[in-house]
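These notes are about the structure you will find just below.
Each reported figure results from applying straightforward, stated rules to the coordinates on display, with no laboratory input. Note that this is a predicted model, so its numbers are computed, not measured. Don't worry about glycine lacking a Cβ; one is built from the backbone with ideal geometry, like all the others, and counts go over all protein chains shown.
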Amino acid sequence: MHIPDGFLDLRICLITYIITIIFWFFAFKRAKETLTDKQIPLMAVLTAMFFAAQMMNYPIVGGTTAHLLGGPILAITLGPYGGLISMTIILLIQALFFGDGGLTTFGANVWNMGVVGTFLPYIMWILFPKGKKGMITGAFLGAFIGDVLAAASAGLELGFSTKFLYGISISVPAMVLHHSIIGIGEGIVTSIIILTLLKSRPDLLNLPKIAPKWLSK
């Protein structure tokens, strides 16, 4: 899902950068207010884990890729703003040192994976009751929906760009199809991690969330 340089029109790059900068502003402001000593090592471990997971990807139509995102579990444990910060770090390192995703398209990639890919899973998570069954259902559906809609967002950005070889009739279905399969895997991985935390460290699921106040629980 990492969009390289040269695939998006300048106007789309600018729009996605502006929207993403707004989210960054509120994310870092909220993190300063709510980040705890327990969350810092958890954020570091999860960021490193999903940095590695994202490096295992395979190419799909038009030069972009499919892979696990990690946004859902980051959002559930840290809050969507926390997930956005972690995803920003992951994507920046990948773009600068591994050529995975571009710098002109960095705003778009963070929007897709760091905003859409964290906020939607978190919203699904908090909609379900917090019994074991509700947690697993919310985690799985949130991960699946988050992956698919993040992929659809990337497909729209690509399809509406005149630089891209394909229109939205090809780019969106291709991205959604591949990431529907990835989304199932993401849902399973997210559910397993939640189950593990429930058994061994349930306190980590009850840490203050780095989230907008209207999404705080």
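List the aspartates and glutamates whose Cα sits under 16 Å from the Cα of LYS132, skipping any in the same chain fewer than 8 residues away. Partners found: ASP203.
Applying 1/(1 + (r/R0)^6) with r as the Cβ-Cβ distance of ALA48 and LEU156 and R0 = 25 angstrom yields a FRET efficiency of 0.25.
Under a point-charge model restricted to the Cβ atoms of Lys and Arg (+1) and Asp and Glu (-1), what is the dipole moment magnitude of the chain relative to its Cα centre, in debye to the nearest 20?
Details: 14 positive and 9 negative charges, 166 e Å.
Dipole magnitude for the chain comes out near 800 debye.
Cross-link reach is defined here as a Cα-Cα straight distance under 24 Å, omitting same-chain residues fewer than 8 places apart; for LYS130 the lysines meeting it are LYS38, LYS199, LYS209, LYS213, LYS217. Taken along its principal axes, the alpha carbon cloud of the stretch 10-215 reaches lengths of 48, 33, 31 Å, longest axis first. Compute the angle between helix 80-97 and the longest alpha-carbon principal axis of the chain, please, reported from 0 to 90 degrees and rounded to the nearest 10. Orientation of helix 80-97: about 40 degrees from the principal axis. Sorting SER169, SER153, SER161 by the number of Cβ atoms found within 10 Å of their own Cβ, with the fewest placed first, yields SER169, SER153, SER161.
Can you work out the FRET efficiency for the pair LYS133 and LYS38, with r the C-beta to C-beta distance and R0 = 45 Å, to the nearest 0.05? Efficiency, from the Cβ-Cβ distance: 0.95.
So for THR105, THR137, THR118, fewest C-beta neighbours within 10 Å to most, what's the order? Show your work: numbers first, answer last.
Numbers: THR105 28, THR137 18, THR118 34.
Ordered from fewest to most neighbouring Cβ atoms within 10 Å, THR105, THR137, THR118 come out as THR137, THR105, THR118.
Calculate the FRET efficiency for SER180 and ILE123 from the Cβ-Cβ distance with a Förster distance of 22 Å, rounded to the nearest 0.05. After rounding, the FRET efficiency stands at 0.70. Over the stretch 140-216, the alpha carbon radius of gyration divided by the compact-protein estimate 2.2 N^0.38 Å works out to 1.46. Length available on full extension from PHE26 to ILE89: 0.36 nm per residue minus the Cα-Cα distance, which gives 21.1 nm. Exposure proxy for ASP9, ASP100, ASP147, ASP37: other Cβ atoms within 10 Å of each Cβ, ordered fewest to most, give ASP37, ASP9, ASP100, ASP147.
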